[in-house]
Amino acid sequence: MTQQGAALQGYNIELVKCIEDLSLQKEELNKQIQQAEEEKNKLQHQIQVLNEQLDCVCEDLAQKVASRNELDKILAETEAAYMKILDSSRTLLNVLKKEVGSLKSTAELKSH
């Protein structure tokens, strides 16, 4: 019987050691889980901050693009109006040259 008691005591010691090892593994895993959760929370906060910054940049960009498009429209209209002014000025100049030429011809005819 003493041999069985010694074997049982050996099993018990080994079982307690295994339980202690498992507890140590659990504690280490809990530390790793806590660190991972802290890192996850930190990254989620950074993502939130970056998303807010991205929203601001996108809004600013949209406003700038809208302003540029409006300026493009105004510029196109202004250039078109300027081209009309140039055409009108050329036409006026041609008419004026004809009138001056006509007046010179009439003046020369009268002086002869």
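Using a 1.4 Å probe on the protein heavy atoms, what percent of the accessible area of the stretch 59-112 belongs to carbon and sulfur?
Carbon and sulfur: 63 percent of the exposed surface of the stretch 59-112.
Which one of 56, 67, 43 has its Cα pushed farthest toward the positive end of the charge dipole of the stretch 31-70, where Lys and Arg give +1 and Asp and Glu give -1 at the Cβ?
Positive-end residue among those listed: 43.
Taking the 0 to 90 degree range and rounding to the nearest ten, how far is the long axis of helix 2-111 tilted relative to the main principal axis of the chain, both from C-alpha atoms?
So the helix axis and the longest Cα principal axis differ by about 0 degrees.
So if each residue of separation counts as 0.36 nm, and I subtract the Cα-Cα distance between residue 71 and residue 43, what length gain in nm does that give?
6.0 nm
Label residue 34 and residue 92 with points 7 Å out from Cα along Cα→Cβ: what is the distance between them in nm?
With each label placed 7 Å out from Cα toward Cβ, I get 8.7 nm.
Provide, as a two-decimal number, the C-alpha radius of gyration of the stretch 7-54 over 2.2 N^0.38 Å, N being how many residues it has.
Output field value: 2.16.
What is the gain in length, in nm to one decimal, between residue 104 and residue 50 on full extension, counting 0.36 nm per residue of separation less the C-alpha to C-alpha distance?
Length gained, residue 104 through residue 50: 11.6 nm.
Would you kindly state how much longer the chain becomes between residue 82 and residue 7 on full extension, computed as 0.36 nm times their sequence separation minus their alpha carbon distance, in nm to one decimal?
That pair, residue 82 and residue 7, stretches by 16.1 nm at full extension.
Kindly provide the pair-distance distribution of the chain built from C-alpha pairs, with 10 Å bins from 0 and whole-percent values in order of increasing distance.
10, 11, 10, 9, 9, 8, 8, 7, 6, 5, 5, 4, 3, 2, 1, 1, 0
The values are calculated or read from the model by the stated rules, or taken from the named source; none is laboratory data. Just so it is clear, the structure is predicted and the values come from calculations on it, not from any experiment. Note that each Cβ is placed from the backbone with ideal geometry, even for glycine, and that neighbours are counted across all protein chains shown. All accessible areas refer to the heavy atoms of the entire protein, side chains included, with ligands and DNA or RNA removed. Shrake-Rupley method; radii C 1.70, N 1.55, O 1.52, S 1.80 Å.
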